[in-house]
1. Residues being surrounded by fewer than 16 Cβ atoms within 10 Å (Cβ to Cβ) and at negative phi: count how many of those fall in region 107-117.
2. I'd like the residue in region 304-328 that is in a loop (DSSP other than H, G, I, E, B) and in contact with a Leu (Cβ under 9 Å, 6 or more places away or on another chain) and, out of all such residues, is nearest to N339 (Cα to Cα).
3. Mind listing just one residue for me: the one in region 753-798 that is in contact with a helix residue (DSSP H, G or I) (Cβ under 6 Å, 6 or more places away or on another chain) and not in a strand (DSSP E or B) and, of those, surrounded by the most Cβ atoms within 10 Å (Cβ to Cβ)?
4. Report, by residue number, each residue of region 531-564 that is over 20 Å from G672 (Cβ atoms), at pLDDT 90 or above and polar (S, T, N, Q).
5. Of all residues being open to solvent by 40 Å² or more (accessible area, probe 1.4 Å) and of a type in the set (K, R) in region 447-480, which is farthest from C411 (Cα to Cα)? Just the residue, please.
6. Picking from I414, I362, I390, I403, which residue would you name as being open to solvent by less than 30 Å² (accessible area, probe 1.4 Å), more than 36 Å from the chain's Cα centre (by Cα) and of a type in the set (V, I, T)?
7. I need the full set of residues from region 426-446 which are of a type outside the set (G, A, S), out of contact with any strand residue (DSSP E or B) (no Cβ under 9 Å at 6 or more places or on another chain) and either within 14 Å of L463 (Cβ to Cβ) or open to solvent by 40 Å² or more (accessible area, probe 1.4 Å) (or both), in order please.
8. Select from region 258-312 the residues that are among the β-branched types (V, I, T) and either under 25 Å from I403 (Cβ atoms) or buried (at least 19 other Cβ atoms within 10 Å of the Cβ) (or both) and list them in ascending order.
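The values are calculated or read from the model by the stated rules, or taken from the named source; none is laboratory data. Values in this document were obtained by computation on a predicted structure and should not be read as measured data. Positions of Cβ are generated from backbone atoms using ideal geometry, with glycine treated the same way; all protein chains shown enter the neighbour counts. Heads up: the accessible areas ignore ligands, DNA and RNA and are worked out on the full protein's heavy atoms, side chains in. Shrake-Rupley method; radii C 1.70, N 1.55, O 1.52, S 1.80 Å.
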Amino acid sequence: MKFTLSWLKDHLETELSLDVISKILSQIGLEVESITDLSDELGAFKVARIVSSRQHPNADKLRICQVEVEHGKPAIEIICGAENAYEGLLTVFAPIGTLIPETGIKLQRKPVRGVVSNGMLVSSSELRLNHISNHDGIIELSNQHLDKIGQRYIDVEGLNDPVIEIGLTPNRPDCTGVRGIARDLAAAGAGRLKPEPKLGKVEGLFGCPVDIELKLEAEFKDACPIFAGRYVKGVKNGFSPLWMRQRLLAVGVHTHNALVDITNYICIDRGRPLHVYDADKISNSICLRMTEAGEKLLALDGKLYTSDHNMCAITDNSGILAYAGIIGGQASKCTKETNNVFIECAYFDPVITAESGRKKGISSDARYRFERGVDPGFVERGLDLATDMILKFCGGQPSKKRIVGKPPIKCHSINFNPYYVKKLTGLEVPSEECRRILQEVGCKIDGKGGEYRVFVPSWRNDLHGSADLVEEIIRIIGLDYVPSVALPRKHGVVKPVLTIKQKTSRIVRRALASCGLVEAITWSFLPYQQAMHFGGGSSDLELDNPISVDLASMRPSLLPGLLTAAQRNINRGFPNVALFELGHTYFDNTDKGQSLMASGVRFNTAKLAGSGRHWSGNAPLVNIFDVKADFVAVLSSIGIDISRTQITCDTPAWFHPGRSGAIQMGPKLTLGYFGEIHPATLRFLDIKGPAMAFEITLSSLPSKRRNTRSKLPMVTTNLLPIRRDFSFVLDKSVSSNDVVKAIAKSDRSLIRDINVFDVFEGGVLSNSKKSIAIEIIIQPKDTTLTYLEIEAVCSRVIKSVERATGGEIRD
């Protein structure tokens, strides 16, 4: 929201400086984002007059001008290349030492083709004022400013008005108008809110010849509760007043003609969008209805729009005249030839307006205000205000106003006790001060003493309860005055406040960071096609109001976001990427359909041991065992014994079928997956592979059974371990994991570790057989094992493998 200081002072009587006003605005929640003061940039440029002009002797396109830069002083010589540098022209002069805004050049006294120039005559483009004048040559000023020679150009042209830009939160539609901002400043003690201006006689003697009809089905009855209009005949549509054009241009609004400028001015001044139709270009009856798919509108922005089904529109016999509350059409726009006009002032539903604008991607000042909720009580007043300004600047004769419907004003009141302020904020605010602030922001109060009734004004749709009133009081007083008070400290050891889920998340984050992965946070939404590819895409998980088309579905997996984030890093010159994320995934709209996941990806040489270049050669590429190690590290960090799990090949389609695995605890509980991402998935995401990844369903992990603060005793021994190797011949269908599990069960007290170190096929073995070589580590505890005791352990190992897998010891 932009406005100028003088515009603000039309509504606020104040003597405060711009700096103080800016500070107060930020204190009351209307944060000042920027202040543009042309005095800082254009203060050195002055009004001057060309006394004489002659051809430069050494250049065909240059002229030597004698320029009067101050009354009563001799003219100075300036070289100028503009075609309009003629004698008697009133223009703008830049003295030596001035910085030209457009070029960034600081003027110096030096000869131009042998003649010294003592300054420069400037164009509007060199001052970055193309929106004011787009003349190809130097600036041409009106001769009415002849007595202003030597004065600052910005003072003469009224450009010395600072422009303030504030950032508005969506809950403050009342401050989309300058008067609403002035009201808040007055409440904060920055001045006095001026009374509403008195209007002239705007109600005509003849009836409005344009009929208004609301044709809305029951489900869209709230699209336009009230529509007001007035016909004005015999207008003369020329330029709007200079002061109005200057203010509109200063805040970035292009000027067109008086009729259009008036509606734009009221839109910013009061936060009340209006529209003016050339009455001779519309039929005698207009209708507000919902559109049919395929209807066309050539809008004021020059674009042809094809309507979707059920967009709110204003129509006549010829078709759509405007999208209600969004943008008007070319066919009925006002031009300099316009003689008769129809003024529209209506209230349009915020949700329907936002949906209609979003469907066509139209952003306008009107939509910005309507979708936040304009004041429904200002419809008739807004119509009268526009009529009054049109009569003043364009003349004409007004008709009686025509109103269809009623404004949707709800008489909302709140029971309020000033004690709530101290209760909720700890700040002592006198009761009279609370009453004053609420009245200053527009509330009406019934009652005295302790509790009283507060009636909320129609322009404040964000005040619903007593807590909102407390927030309003504290906002106006200023958060800087709210004391900082430390929370009371309890004696002794307090009970833990983190849940098991929060503790697990912390442990997992630490474990993955220790593995060399960097945490990333990606969007919880995906394009629909990506969601489908990764097992999602349910209609229940489609967003009704997505940020964009590419973020329309809730994610079924963390991997798409991580993979694309890693590819962005690779594209920027960081090829060795290792990322992880903890977040939720979604499979349906129930509580059980939401899972907490931990996922990670590794690219190129992003290993824990080191990545990138080395004097001995490049580091090796990542493989599935690196991401398996990440998976195991997570399980170990939360106390899950990896030896009690099993690895299967049952992985989702986005993993490579021969280079991936699933870790399970029993046949039904799958903890997650690890391995190489399928090349087809990488092509689908437009990612260069290979890529290794893992997915862990933290929601499925079993919780720790041991619920005690004490740690398990540390078991140590001074006896050396014993190593024995075994080679088993098995069917090819038997996995090494089955053999390892069988060995572990044979003697859990003495066998400390089991390692597979060789797999052999072919040779003397049949095509259906393979040989697996395994090392076991036997750890004595209390006494050294005898030869017979060691042989007994080995015998149990062989028998256990034979029973479990059918394998035989290889000779």
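1. At the first step, the residues of region 107-117 found to be surrounded by fewer than 16 Cβ atoms within 10 Å (Cβ to Cβ) are 108-111, 113-116.
Among the residues that remain, those that are also at negative phi are: 108-111, 115-116.
Number satisfying all stated conditions: 6.
2. A324
3. Only one residue fits best here, namely V797.
4. S553, T564
5. The residue in question is K448.
6. Answer to the check: I390.
7. E428, P430, E432, E433, R436, I437, V441
8. V260, I262, T263, I266, I268, V276, I282, I286, T291
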